[in-house]
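The structure appears below as structure tokens.
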Amino acid sequence: MRLNHNIHLAYCTNIHRGSNWEETFQSLRDKTLRVKARVCPDSSYAIGLRLGDLASRELSQPNKLKEFQSWLNENDCYVFTINGFPYGEFHGSRVKENVYLPDWTTSDRVEYTKRLFDIIAEIAPTDSGGSVSTVPCSYKEFITSDEQVAKMRANLWEVIDYIDNLSIKTGKDLHLGLEPEPMCYLETTDEMVRFYRDMKSDRPDDSSISNRFGINYDTCHLAVEYEEAVDGINLLIREGIRISKFHFSSAMKVYPQPKVIQELAPFAEDIYFHQVIARSNDGYLRRYRDLPDALDLANKGLTLDDDEWRIHFHLPLHCLPTELFDTTIDQLQSVIEYLGHNPALCSHIEMETYTWEVLPEGFRQRDVVDQLFGEYNWTLSKLADQGICLLN
């Protein structure tokens, strides 16, 4: 939806199943339109579209794309951003580390991302432009050589050139955002800055990088790293790194006492990665590859030095703390306050709580449309407190 200061807000449709285009389109018809009817029935409604490789191939057919554009117009909807992080299946079967594949060392990732930009360049309004978010280069365990790093940079430059040409051709502001995530090749703001500097050093006289390439700042991911959001944003600004999109998201925060460890078991599910970063009293950070690994060590009494755990498990934005579980919503609120003072910082916002299907029963005692309506209410209220309101 359109907010003042030319800010656009949507929820990411990766919360719904959608391996091919028909399944994706069905979710838009069955669920997204129901959300629109409750959130802004009389206003233009923005969709944060998730397209996997197969769905993107099918939608890129001229007749399908024309049909979709007509549907958007008929239902007073528009698309300003595409989640291009998950390439393949994202619901119902094991994803884990496969979500980062193919990574930016491969031509498959390049061609998929170009295809997403072809689509967004065609359907995004001129006033919003179009963004695509993508994997943070790769997963750290997958990168073992300097040659792989050089290949990632070269591939990203190829896509930056492609985006720049599309932007000139269409007159639309198009940009790609890498999304740092725990345990990935880029997991912190500092690592993003170092990589950006290396990218610039490859082509020091090419200014297109500052317009077409940046960061998809996920407030869950960077809170798991114990980053203070305001510090991170200030660092990005100083480096001239574009914030392509904000992912409004919240992570789980706990104090790993025995009762908490026991109650975390239902969150250790088999589909998504739930990286854990522990902090001890002296500030030392310890990383656990996945929540089941952390729980296994805790049950063996090997995590006694851990004072706090932050867990990469996206919780609904309006989820209240309980006796045992807290959240990192304070970091998201810091971002919203910062945006209120600096509304030109980033015009693309996407709420992303893709974990709906795997949340334990007690956390999803409602229909997914009700859950999304709750997230909109929370987000719009917080934005309104900062003077960022829905346009009439």
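The values are calculated or read from the model by the stated rules, or taken from the named source; none is laboratory data. These figures come from a predicted structure and were not determined experimentally. Reconstructed Cβ throughout: ideal geometry from the backbone, glycine too, with neighbour counts over all protein chains shown. Just the protein is used for accessible areas: all its heavy atoms, side chains included, with ligands, DNA and RNA removed. Shrake-Rupley method; radii C 1.70, N 1.55, O 1.52, S 1.80 Å.
Overview of results
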read-out: Identity of the residue in segment 251-305, in contact with a Phe, Trp or Tyr (Cβ under 7 Å, 6 or more places away or on another chain) and of a type in the set (Gly, Ala, Ser), that ends up nearest to Glu97 (Cα to Cα); value: Ala294
read-out: Any hit, segment 78-85, residues being outside any loop (DSSP other than H, G, I, E, B), over 16 Å from the mean Cα position of the chain (by Cα) and either within 30 Å of Ala268 (Cβ to Cβ) or among the basic types (Lys, Arg) (or both); value: no
read-out: Yes/no for Glu147 being under 17 Å from the mean Cα position of the chain (by Cα), open to solvent by 40 Å² or more (accessible area, probe 1.4 Å) and among the charged types (D, E, K, R); value: no
read-out: Meets criteria (among the small types (Gly, Ala, Ser), part of a loop (DSSP other than H, G, I, E, B) and at pLDDT 95 or above) for Ser128; value: yes
read-out: Odd one out for Arg364, checked against (1) closer than 27 Å to Phe273 by Cβ; (2) in contact with a strand residue (DSSP E or B) (Cβ under 9 Å, 6 or more places away or on another chain); (3) modelled with pLDDT under 95; value: (2)
read-out: Pick from segment 184-202, criterion aliphatic (A, V, I, L, M) and within 19 Å of the chain's Cα centre (by Cα), ranking: nearest to Ile215 (Cα to Cα); value: Met192
read-out: Scan of segment 179-192 for residues that are in contact with a Leu (Cβ under 6 Å, 6 or more places away or on another chain) and either free of Cβ contacts under 8 Å to residues at least 24 places away in the same chain or more than 19 Å from Ile277 (Cβ to Cβ) (or both), ordered by number; value: none
read-out: Residue list for segment 86-107, filter: under 17 Å from the mean Cα position of the chain (by Cα), open to solvent by 50 Å² or more (accessible area, probe 1.4 Å) and closer than 22 Å to Glu22 by Cα; value: Glu89
read-out: Test: residue in segment 154-161 that is in contact (Cβ under 8 Å) with a residue 12 or more places away in the chain, closer than 15 Å to Tyr87 by Cβ and of a type in the set (Val, Ile, Thr); value: yes
read-out: Members of segment 2-52 that are open to solvent by less than 50 Å² (accessible area, probe 1.4 Å) and either touching a His at 6+ places or on another chain (Cβ under 7 Å) or farther than 30 Å from Glu111 by Cα (or both); value: Leu3, Asn4, His8, Ser27, Leu33, Val35, Lys36, Val39, Cys40, Ser43, Ser44, Ala46
read-out: When residues of segment 315-361 are limited to those that are assigned to a helix (DSSP H, G or I) and over 14 Å from Ser250 (Cα atoms), the one most open to solvent (accessible area, probe 1.4 Å); value: His341
read-out: Which listed residue, of Asn281, Asn211, is open to solvent by 20 Å² or more (accessible area, probe 1.4 Å), within 29 Å of Cys137 (Cα to Cα), in contact (Cβ under 8 Å) with a residue 24 or more places away in the chain and among the polar types (S, T, N, Q); value: Asn211
read-out: Test result for Ser56, outside any helix (DSSP H, G or I), among the small types (Gly, Ala, Ser) and either buried (at least 16 other Cβ atoms within 10 Å of the Cβ) or in contact (Cβ under 8 Å) with a residue 24 or more places away in the chain (or both); value: no
read-out: Qualifying residue in segment 132-141 (condition: part of a loop (DSSP other than H, G, I, E, B), in contact with a Pro (Cβ under 6 Å, 6 or more places away or on another chain), at pLDDT 95 or above and not aliphatic (A, V, I, L, M)); value: yes
